[in-house]
Amino acid sequence: MIHPAGQPSLVFADSEGNITDFPDLHAAGMSAGDTVLPAKEDFIPLPEGSELFVLPGRFPVGYDQKNNEPLLVAEDPFGSGHAIQAVAAFMSPAHTAVLNCAYQTTENAPRLPLFAYTAVGWYDGMFWTTAFRSDEDIRQDADQFNQQTINHKTRKKLEKHPNNRLIQHLGKCCLTYGCPAARNYFLGRWEAPLPTSPTCNARCIGCISLQASGKCSATQDRIQFVPTAAEICGVAIPHLKTAEKAIVSFGQGCEGEPLLQTDTIERAIKSIRKKTDRGTINLNSNASKPDAVKRLVESGLDSLRVSINSAQERYHTSYYRPQGFSLTDVCKSIQVMKDANAFVSLNYFILPGVTDSEDEFNALREILSTFKPDRIQLRNLNMDPEWYLRSITYKPLVKSMGMRKWLSKIKNEFPQLQFGYYNPPIR
Ligand code: SF4
């Protein structure tokens with residue numbers, strides 16, 4: 001992995017969004033509210049396909065190495081008198097944050113939208129961000145997508161299947177939201193999405209498909225209908241029969257909880273496996289219903305991806321605001337899959353300072369050693385970090401160990417455990 005030869009410097013934006021570097025201060029990072037000086041080994045070149053976000057109502061915080069302390073920059077250090085704002089990186093998929101962007105929020109600053117805000121700096125003519133590549137799979141890499149080809153193949157399939165509501169829905173996901181999974185479906189390769197559920201039995205604070213408070217907008221609309229088993233098969237069977245490293249996944253960002261549609265999904269899986277045993281049938285879920293998971297694995301489900309923000313019951317409950325289930329049920333679902341010798345991934349929401357705290361590590365160790373999931377997907381928490389910490393009333397007992405130390409510690413303790421970002425093909 002490439003790291004900078006020197007310490008990247010602070011970057012900030014003016015009110016127009018023009019980004020400038022300030023060499024007098026080093027770029028700093030944030031770890032659950034603590035401002036730290038990143039090590040050079042924490043930085044990688046900003047990955048292709050990443051975006052730079054200007055953070056409204058937030059002043060940049062840099063690091064003054066001379067005095068070995070963080071320094072707030074509340075006005076343009078070059079003396080223009082113009083207002084300035086902090087800058088964060090929203091990294092392209094398959095990259096996991098080591099530190100969040102360091103800033104100080106002003107009074108009445110708007111809530112940040114549902115993205116991840118990673119620290120970024122400037123060095124030797126380029127942007128560097130504090131992260132690591134967590135999956136070598138290229139399925140969502142920016143250079144894998146040609147928009148013209150996507151438009152052509154998507155329109156052709158939409159014309160060919162006017163009566164399949166699910167294909168029509170995925171057409172919108174592909175052409176309007178640019179959903180990488182929907183794009184790969186229309187390109188006939190890798191992992192294809194099978195959204196099924198307009199409803200959910202949780203009310204996650206950072207839900208990307210439904211934000212009832214209105215204080216923050218959802219990043220995509222929720223599907224408004226439950227596709228039939230035949231519509232699901234119309235997407236899944238041709239894809240599983242022909243696609244390279246074929247996977248079809250229930251449980252997408254544009255829906256609620258798929259386990260609430262177990263009858264339909266069970267019928268679909270049985271029909272799919274009557275037609276082909278090629279490829280992987282996966283379910284992304286909050287894993288709230290172990291009995292439903294049992295029915296699905298018995299009908300042919302290959303893998304389950306279990307989303308959790310924390311392995312600590314109190315933080316899981318305060319984030320998921322579950323309706324009639326708890327982290328105990330989630331763990332039972334993992335047990336059901338393992339008893340059936342099926343594959344389980346934890347879709348673990350990473351927030352530097354929380355994930356790598358001692359108490360979180362100990363709680364995660366308990367789940368890993370007791371229920372033995374096969375893989376951890378290291379997904380960045382896509383949420384305003386301050387809003388998240390307030391919402392779960394986060395109270396760390398001790399300082400966090402640092403994400404890179406956390407990763408090597410967990411790899412040493414669980415050498416069998418896989419690490420990645422995506423659902424792997426099982427068949
Ligand atoms: S489980 Fe998924 S769909 Fe349900 S509230 Fe949480 S993020 Fe939203």
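The values are calculated or read from the model by the stated rules, or taken from the named source; none is laboratory data. Computed from a predicted model, the values in this text were never measured in an experiment. Note that we place each Cβ from the backbone using ideal geometry, even for glycine, and neighbour counts take in every protein chain shown. Only protein heavy atoms, including side chains, enter the accessible area calculation; ligands, DNA and RNA are left aside. Shrake-Rupley method; radii C 1.70, N 1.55, O 1.52, S 1.80 Å.
Based on the alpha-carbon gyration tensor of the stretch 6-63 and its eigenvalue square roots a ≥ b ≥ c, which shape applies: rounded if a/c is under 1.5, prolate if not and a/b is larger than b/c, or oblate?
Working: a/c = 1.44, a/b = 1.22, b/c = 1.18.
Rounded.
Using 7 Å Cα-to-Cβ label points, what is the Glu75/Glu366 separation (nm, one decimal)?
Here the modelled spin labels are 5.2 nm apart.
For the residue pair Arg321 and Gln65, what label-to-label distance in nm results when each label sits 7 Å from Cα along the Cα-to-beta-carbon direction?
The modelled label-to-label distance comes out at 4.5 nm.
Quick one: grab the alpha carbon gyration tensor of the stretch 9-133, order the square roots of its eigenvalues as a ≥ b ≥ c, and give me rounded if a/c is under 1.5, else prolate or oblate depending on whether a/b is larger than b/c. The partial results should precede the final answer.
Details: a/c = 1.42, a/b = 1.19, b/c = 1.19.
Rounded shape, in that the Cα axes give a/c under 1.5.
Rule-of-thumb check for the chain: C-alpha Rg over 2.2 N^0.38 Å?
1.00
Work out the FRET efficiency for Asp34 and Asn163 from their Cβ-Cβ distance, taking R0 = 45 Å, and round it to the nearest 0.05. Please list the in-between numbers first.
Details: r = 55 Å, r/R0 = 1.23.
Efficiency, from the Cβ-Cβ distance: 0.20.
What number, in percent, do you get for the relative contact order of the stretch 9-133 if the mean sequence gap of Cα pairs under 8 Å and at least 6 apart is divided by its residue count?
Working: 310 pairs, mean separation 40.9, N = 125.
Once divided by the residue count of the stretch 9-133, the mean separation gives 33 percent.
If the elastic network links every pair of Cα atoms under 10 Å, which of Met126, Met337, Met401 fluctuates the most in the Gaussian network model of the chain?
Its mean-square fluctuation being the largest, the pick is Met126.
Note the full-extension length gain between Thr106 and Asn412 as 0.36 nm times their separation in residues minus their Cα-Cα distance, in nm to one decimal. Mind showing how you got there, number by number?
Details: separation 306, 0.36 × 306 = 110.16 nm, distance 4.16 nm.
Extra length from Thr106 to Asn412 when fully extended: 106.0 nm.
May I ask you to derive the relative contact order of the stretch 314-427, considering only C-alpha pairs under 8 Å and at least 6 residues apart, and to give it as an integer percent?
Numbers: 110 pairs, mean separation 38.6, N = 114.
34 percent.
Only bridges whose two residues both fall in the chain count here: according to DSSP, what percent of them are antiparallel, nearest 5?
On the way: 40 of 67 bridges.
So the antiparallel bridges amount to about 60 percent of the total.
Could you please state how large a percent of the accessible area of the stretch 9-133 is carbon and sulfur, counting protein chains only and using a 1.4 Å probe?
Details: 2510 of 5250 Å².
Whole-percent figure for carbon plus sulfur exposure: 48.
Considering the convex hull of the alpha carbon atoms of the stretch 75-153, report its projected area averaged over all viewing directions, in nm², one decimal. Show your work: numbers first, answer last.
On the way: hull surface 34.8 nm².
Convex hull of Cα atoms, orientation-averaged projection: 8.7 nm².
Can you compute the label reach from Lys245? Point 7 Å from Cα along the Cβ direction, backbone N cut-off under 12 Å, restricted to the stretch 146-190.
Answer for the stretch 146-190: 189-190.
Just to confirm my understanding: which cysteines in the chain have no other cysteine beta carbon less than 4.7 Å from their beta carbon?
That list is Cys101, Cys174, Cys200, Cys216, Cys233, Cys254, Cys331.
Spin-label point model (7 Å from Cα, Cβ direction): what's the Glu48 to Glu358 distance in nm?
Each label point lies 7 Å from its Cα, and together they span 4.4 nm.
Where does each of 112-120, 152-160, 313-321 land if you order them by average Cβ count within 10 Å, highest first? Let's see the in-between values first.
Values: 112-120: 23.9, 152-160: 14.4, 313-321: 18.0.
So the peptides 112-120, 152-160, 313-321, ranked by packing, come out 112-120, 313-321, 152-160.
Only helical DSSP H runs with n ≥ 4 go in: add -39500 (n - 2.57) per run for the chain, normalise by residue count and round the 222 nm mean residue ellipticity to 500 deg cm²/dmol.
-8500 deg cm²/dmol
Can you tell me how much longer the chain between Gln335 and Thr276 gets when fully stretched, taken as 0.36 nm per residue apart minus their C-alpha distance, in nm with one decimal?
Values: separation 59, 0.36 × 59 = 21.24 nm, distance 2.70 nm.
18.5 nm is the gain from fully extending Gln335 to Thr276.
Kindly express, to the nearest 10 degrees and within the range 0 to 90, the angle between helix 327-339's C-alpha long axis and the longest C-alpha principal axis of the chain.
Value to nearest ten degrees: 50.
Ignoring solvent entirely, what values of log10 I(q)/I(0) come out of the Debye formula for the stretch 136-211 at 0.15, 0.25, 0.26 Å⁻¹ when each Cα is a single scatterer?
-0.58, -1.16, -1.21
Relative contact order of the stretch 52-98, please, whole-number percent, based on alpha carbon pairs below 8 angstrom and at least 6 residues apart.
Values: 57 pairs, mean separation 20.3, N = 47.
Value for the stretch 52-98: 43 percent.
For the pairs Lys153/Lys241; Lys241/Lys338; Lys245/Lys372; Lys172/Lys294, note any where the Cα-Cα span goes beyond 23 Å. It would help to have the intermediate numbers written out before the result.
Numbers: Lys153/Lys241 18 Å; Lys241/Lys338 26 Å; Lys245/Lys372 25 Å; Lys172/Lys294 32 Å.
In this structure, Lys241/Lys338; Lys245/Lys372; Lys172/Lys294 lie more than 23 Å apart at Cα.
Expressed in nm to one decimal, what extension gain is obtained for the pair Arg203 and Ser217 from 0.36 nm per residue of sequence separation less their Cα-Cα distance? All intermediate terms of the calculation are to be shown ahead of the outcome.
Values: separation 14, 0.36 × 14 = 5.04 nm, distance 1.44 nm.
Additional length available on full extension: 3.6 nm.
Mind jotting down the distance between the C-alpha centroids of the stretch 1-51 and the stretch 221-280, whole Å?
Comparing the Cα centres of the stretch 221-280 and the stretch 1-51, I get a distance of 41 Å.
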